There are 2 protein chains.
Amino acid sequence: MSLRATLDFLLYDWLHAEDLTRRTRFTDHSRETFDAVLDTCERIAREKYAPFNRTVDTEEPRLDGDKVILPQATHDAHRAYAESGMLSAAQDYQEGGMQLPYTIEAAANGFFGLASVSIGSALLTKGNANLLLVHGTEMQKAVFARNELNGRFAGTMCLSEPQAGSSLSDIATRAVPDGPDFENDPLGPRYRLTGNKMWISAGDHELTENIVHLVLAKIPGPDGKLIPGTRGISLFIVPKKMVGTDGQLTGVRNDVALAGLNHKLGWRGTTNTLLNFGEGRFPVPSTGAGQAQAGAVGYLVGRPHEGLRCMFHMMNEARIGVGTAAVVLGLAGYYASLDYAKNRPQGRPLGPAGKDPAQPQVRIIEHADVKRMLLAQKSYCEGALALELYCARLVDEQHTADPAVADDARLLLEVLTPIAKSWPSEWCLEANSLAIQVHGGYGYTRDFPVEQYWRDNRLNMIHEGTHGIQAADLLGRKVLMEDGKGLQLLAGRINATIERATNKPDLAADASALAAALQQVGAATKAAWATGVPGEALANAVPYMQAFGHMVLAWIWLDVALVAAAAPAGAAREGRLRAQRFFFHYELPKIGAWLNVVSARDPTCADMPEESF
Amino acid sequence: MSLRATLDFLLYDWLHAEDLTRRTRFTDHSRETFDAVLDTCERIAREKYAPFNRTVDTEEPRLDGDKVILPQATHDAHRAYAESGMLSAAQDYQEGGMQLPYTIEAAANGFFGLASVSIGSALLTKGNANLLLVHGTEMQKAVFARNELNGRFAGTMCLSEPQAGSSLSDIATRAVPDGPDFENDPLGPRYRLTGNKMWISAGDHELTENIVHLVLAKIPGPDGKLIPGTRGISLFIVPKKMVGTDGQLTGVRNDVALAGLNHKLGWRGTTNTLLNFGEGRFPVPSTGAGQAQAGAVGYLVGRPHEGLRCMFHMMNEARIGVGTAAVVLGLAGYYASLDYAKNRPQGRPLGPAGKDPAQPQVRIIEHADVKRMLLAQKSYCEGALALELYCARLVDEQHTADPAVADDARLLLEVLTPIAKSWPSEWCLEANSLAIQVHGGYGYTRDFPVEQYWRDNRLNMIHEGTHGIQAADLLGRKVLMEDGKGLQLLAGRINATIERATNKPDLAADASALAAALQQVGAATKAAWATGVPGEALANAVPYMQAFGHMVLAWIWLDVALVAAAAPAGAAREGRLRAQRFFFHYELPKIGAWLNVVSARDPTCADMPEESF
């Protein structure tokens, strides 16, 4: 099944996306407008992204003087994407948007990731603008957010620092008030920032007129010292080039210097940078009363010391975005290896039929082990796609449903987000490895696309919170929050699916298996926290998350299978039911091994003496 | 623990390698001579290989005219290796060798793979020469094998063809007698070969005076047609440059043309080529009576139609070699990530101690999940190293022990070889992924070595028989051969280990777990074959192999732990016992999920209709 056919089934037959058009916000929409968006994105991706996926891998971003040079194809793709209106598709009409449901936007974005995941960095620009639309002043929205949404400016998120990595409480970028009138700047309270930011995707390029950096930094206390911990963190807009209140460039360069490009294993189409703020390479003249100070000019967003809260606003959608990228990379490998397997003759069937070497070879898709590798890919990737769309649907529920339903959606999303981020980044990467394996030696060469998908996908377990961070978030926070109500909500939905499946003879056994899995995960959650000691509970948080993820995917597959089973007989129906069965027979039974160590609070790793490694 | 410390423990304390010096063949040896070999290899690897591992990745082999250009470092490393005498170390004194046990040779080779797996292609040259020493004529040994073992010539194995891949019965390279006196050539019956060979490692280069290709080809029958199937396959020596009976080059180039270089995901230090035999680019004048014929000149090795038998002679050692390469790549990532984790400060401990952001950050090795990722790597890689050395020891048993013991070793090796090849290629690759994960974003950059280890290691599941081929070999042939005697032998050894461990309070529970696993694998083997239909038995051969492999590794670890436990307390002892415990708590329980589908002869994949993918 093509991505489009799978999306159509999941969006309309399974998730009833058309029901969204009954909500006030989406009332102008219809299946036709949704389809038009999917059509447009599929076409742009096919024409402007897919043909250049290898190009952006081999022609890595490089420096020419202090300019970052990207392939022409990246410029063309960026322009086509901006012109399509997709940057602002989900925004209000008054922002120039089309009030598209997030569910449809997320689905449509899949085409770009499938075609070339690293050409685009639109997710960052959108996330940046979205944040400003929620937390910025009217002027900040007008000058920065709207120019991001119309494609003139691009956006970044500057969180990590070389000495801090994922430990945001340890960031050391300093923001001091810029002159006596610092509070009166029409663009927001004006500060001067000094510090180094690491891992900044799309941190420098010539794709747009300007780049809007959203930067976490600390405002020193009265003693001149930075406040330790995350409490001290504030959020700033730091444009690469200074901008007037009319949104036009003033001609002054801000003191944001590109200190280096990271050379990566994959995902090479997106520049990844080390940026130095306020190192003095581009001194900025005084912009208000008083002497010019050193530092990059930044405008405070929201209130001081509330920077992290603003930044986390966008976290769930960013993590669903990463999960979706992992899924479509997995699907890209699946489609490539399926095509290869259908066309490559090699070997003969098992048994008497294969004994005659004078008979022609069969295509490798006729071998059981190749089918196993293909069905595993289908089961991992189509199941994970369903999960991502389910989460996207929850985002729409959270924003447009009645308050009680919306609050349930919010809480369920809190619990599911670590899975939506982590599960595809692990298992759709495994799918990419299987796609290489189906190709044999050819898969190991750069003449075929699958090795690049595998390299590209390896990033997803690392960025936007590593596997370990997601696992600690799940077991250390999400399943506990609001007295475990999120976990109860999830259990309620799983039980509803089980109940419906129990009545279907073909699915009843799987319904029982899922019920047992839910019980096991629940018991392991309790056992992990039985002593109440975080060090004991979280020692095996990653195996817990792996088991939890497999349970969630089994639930998603069973729910999808209920809809698939009701469809008329045909190749697609059979394929979905097989992929569901694969998951229950080959994958779900793995959870016991993971949960054993969780339930036992197994200290084998946590107590390992350092000198014994 | 360094590789050397681990090797010392496994070789001497666990495998009692010194006992080999009581065998006639090894009587001149002692621990001192073994250590001298290990010292030398460790030093050469450190000086000539390790510093250039990234160089050979970035400076891929390239063509200059029809010459393959490799970095100078590769030439230097090749020279140092040849001069060390390691090419012929295992050979008889009369061949210029030092009659080194294969166990020690395999261990010593680990240093080169650890330092730079793709610089060397010595395994192929040694395998080639070994084959000729067994199956070649005295003249072939003198002219070809000995000049390979002294480093003047290099060797290749030319099996695959573009249209055949792993299906050797479908090769189409044709060998016809070269003139009326073809049988009288002093170098062996002379043929002319035409055909294309794919995936030929080290197929062309300027490292040596000459390259000795061992080529599988078919001699047409009286009707001029090739015999279908593997029966028709013969083996030929095809030198790149023609050689006289004195071993000197005659100045005539043979008609072997480099048709292309493969550009790979990793393992880039080793040239991989497509070779055309007899395409006419380098026509060879008549070398006997009669007119010159078209084709590359080749000399028959052994008897016609027995080519595969000769080639398979070297298969077990080649597969142990691949497994060992996968292991040391895994260890390379383990050591790199261990070093990183010990030095990188980030984050704070869980619980009250970590709440104070004014306290300095801790090194990441203090986090439980990082310890888990490190201990997993140690458990996978050191366990797999033990397995490879155990198999190497069996090779020595097979060649030097009393006949009954030697025959047991042969049969056990047949059963264990698919595991020795496949298990590290899957799990030490997973170790490399964990090494990236420990590094976080840095691991995804090319500034750190771990991403290259991961790319390099991905090859090992593909070459020398894919995972699928190993699995079919294990379940379709090895566990059945000689009425299942190989499996019984293995069960006997596993039970002996269990019996010894049952008496140790700390290991008794693990002994029971291993006993249960052995029983499960045995039952699944029977259930898979219960209907006697290969298509049903082998539909889930890979999950079977995965479970079998985990059982074997658990056995190896328990056996190693028995020796470790008897050692005085200390960091190394604790580390080995932890790695063993990790395997039993975190890994062995996985086998149930794999064996379920084997025992059920689950047809979900095998019956999947092609149109439903």
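The values are calculated or read from the model by the stated rules, or taken from the named source; none is laboratory data. Worth saying up front: this structure is predicted, and the values here are computed from it rather than measured. Note: ideal-geometry Cβ built from the backbone for every residue, glycine included; neighbour counts use all protein chains shown. Protein only, heavy atoms only, side chains kept; ligands, DNA and RNA dropped before computing areas. Shrake-Rupley method; radii C 1.70, N 1.55, O 1.52, S 1.80 Å.
At-a-glance table
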{"quantity": "Condition met for residue B:405 (more than 14 Å from chain A (Cβ to nearest Cβ), in a helix (DSSP H, G or I) and either open to solvent by 30 Å² or more (accessible area, probe 1.4 Å) or among the charged types (D, E, K, R) (or both))", "calculated": "yes"}
{"quantity": "Selection from segment A:1-27 of residues that are open to solvent by 40 Å² or more (accessible area, probe 1.4 Å), in a helix (DSSP H, G or I) and over 23 Å from residue A:579 (Cα atoms)", "calculated": "A:18, A:19, A:22, A:24, A:25"}
{"quantity": "First in segment B:163-179 and not assigned by TED's automatic domain parsing to the domain that holds residue B:190 and among the aromatic types (Phe, Trp, Tyr), second anywhere and crowded, with 22+ Cβ neighbours inside 10 Å and modelled with pLDDT under 85, Cβ under 7 Å, 6 or more apart", "calculated": "none"}
{"quantity": "Those residues of segment A:266-280 which are part of a loop (DSSP other than H, G, I, E, B) and closer than 15 Å to residue A:162 by Cβ, in sequence order", "calculated": "A:279"}
{"quantity": "Criterion (touching a Leu at 6+ places or on another chain (Cβ under 9 Å), open to solvent by 10 Å² or more (accessible area, probe 1.4 Å) and under 30 Å from residue A:334 (Cβ atoms)) met by exactly one of A:498, A:462, A:494, A:469", "calculated": "A:498"}
{"quantity": "Residues located in segment A:562-579, provided they are open to solvent by less than 30 Å² (accessible area, probe 1.4 Å) and more than 8 Å from chain B (Cβ to nearest Cβ)", "calculated": "A:562, A:564, A:576, A:577, A:579"}
{"quantity": "Test: residue B:356 is under 31 Å from the mean Cα position of the chain (by Cα) and farther than 30 Å from residue A:443 by Cβ", "calculated": "no"}
{"quantity": "Identity of the residue in segment A:131-169, of a type in the set (Val, Ile, Thr) and surrounded by fewer than 23 Cβ atoms within 10 Å (Cβ to Cβ), that ends up nearest to the other protein chains (Cβ to nearest Cβ)", "calculated": "A:134"}
{"quantity": "Check on residue B:456, charged (D, E, K, R) and either within 9 Å of chain A (Cβ to nearest Cβ) or crowded, with 24+ Cβ neighbours inside 10 Å (or both)", "calculated": "yes"}
{"quantity": "Residue in segment B:283-299 that is of a type outside the set (Phe, Trp, Tyr), under 30 Å from residue B:398 (Cα atoms) and touching a residue at least 40 places away in the same chain (Cβ under 8 Å) present", "calculated": "no"}
{"quantity": "Residue under evaluation residue A:248, criteria (1) open to solvent by 10 Å² or more (accessible area, probe 1.4 Å); (2) out of contact with any His (no Cβ under 9 Å at 6 or more places or on another chain); (3) over 30 Å from residue B:355 (Cα atoms); (4) in contact (Cβ under 8 Å) with a residue 40 or more places away in the chain, criterion not met", "calculated": "(4)"}
{"quantity": "Hits in segment A:319-359 (condition: touching a strand residue (DSSP E or B) at 6+ places or on another chain (Cβ under 8 Å) and part of a helix (DSSP H, G or I))", "calculated": "A:341, A:342, A:343"}
{"quantity": "Some residue of segment B:437-451 being under 30 Å from residue B:346 (Cα atoms), among the basic types (Lys, Arg) and part of a helix (DSSP H, G or I)", "calculated": "no"}
{"quantity": "Single residue of segment B:348-369 satisfying the filter (modelled with pLDDT under 95 and at the interface with another protein chain (Cβ under 7 Å from one of its Cβ atoms)) that is surrounded by the fewest Cβ atoms within 10 Å (Cβ to Cβ)", "calculated": "B:358"}
{"quantity": "Failed criterion for residue A:476 (all others in (1) in a loop (DSSP other than H, G, I, E, B); (2) open to solvent by 20 Å² or more (accessible area, probe 1.4 Å); (3) small (Gly, Ala, Ser) hold)", "calculated": "(1)"}
{"quantity": "From B:128, B:109, residue being in contact (Cβ under 8 Å) with a residue 60 or more places away in the chain, assigned to a helix (DSSP H, G or I) and open to solvent by 30 Å² or more (accessible area, probe 1.4 Å)", "calculated": "B:109"}
{"quantity": "Some residue of segment B:580-596 being at the interface with chain A (Cβ under 9 Å from one of its Cβ atoms), open to solvent by less than 20 Å² (accessible area, probe 1.4 Å), among the aromatic types (Phe, Trp, Tyr) and without any contact (Cβ under 8 Å) to a residue 24 or more places away in the chain", "calculated": "no"}
{"quantity": "Residue list for segment A:218-235, restricted to those being touching a residue at least 12 places away in the same chain (Cβ under 8 Å) and assigned to a loop (DSSP other than H, G, I, E, B)", "calculated": "A:219, A:220, A:226, A:227, A:228, A:229"}
{"quantity": "The listed residue being more than 9 Å from chain B (Cβ to nearest Cβ), closer than 23 Å to residue A:269 by Cβ and modelled with pLDDT of 95 or more, out of A:435, A:496", "calculated": "A:435"}
{"quantity": "So residue B:36, is it under 30 Å from residue A:613 (Cβ atoms) and crowded, with 17+ Cβ neighbours inside 10 Å", "calculated": "no"}
{"quantity": "Among the candidates A:372, A:393, residue that is buried (at least 22 other Cβ atoms within 10 Å of the Cβ), modelled with pLDDT of 95 or more and facing chain B (nearest Cβ under 8 Å)", "calculated": "A:372"}
{"quantity": "Any hit, segment B:324-346, residues being within 18 Å of residue B:549 (Cα to Cα), more than 13 Å from chain A (Cβ to nearest Cβ) and open to solvent by 10 Å² or more (accessible area, probe 1.4 Å)", "calculated": "yes"}
{"quantity": "Where residue A:55 falls short, out of the listed (1) in contact with a His (Cβ under 8 Å, 6 or more places away or on another chain); (2) free of Cβ contacts under 8 Å to residues at least 40 places away in the same chain", "calculated": "(1)"}
{"quantity": "From the options B:489, B:411, B:459, residue that is more than 22 Å from the chain's Cα centre (by Cα), over 30 Å from residue A:260 (Cβ atoms), in a helix (DSSP H, G or I) and modelled with pLDDT of 95 or more", "calculated": "B:489"}
{"quantity": "Selection count, segment B:520-546, where residues are more than 10 Å from chain A (Cβ to nearest Cβ), touching a residue at least 40 places away in the same chain (Cβ under 8 Å), open to solvent by 10 Å² or more (accessible area, probe 1.4 Å) and out of contact with any Leu (no Cβ under 6 Å at 6 or more places or on another chain)", "calculated": "7"}
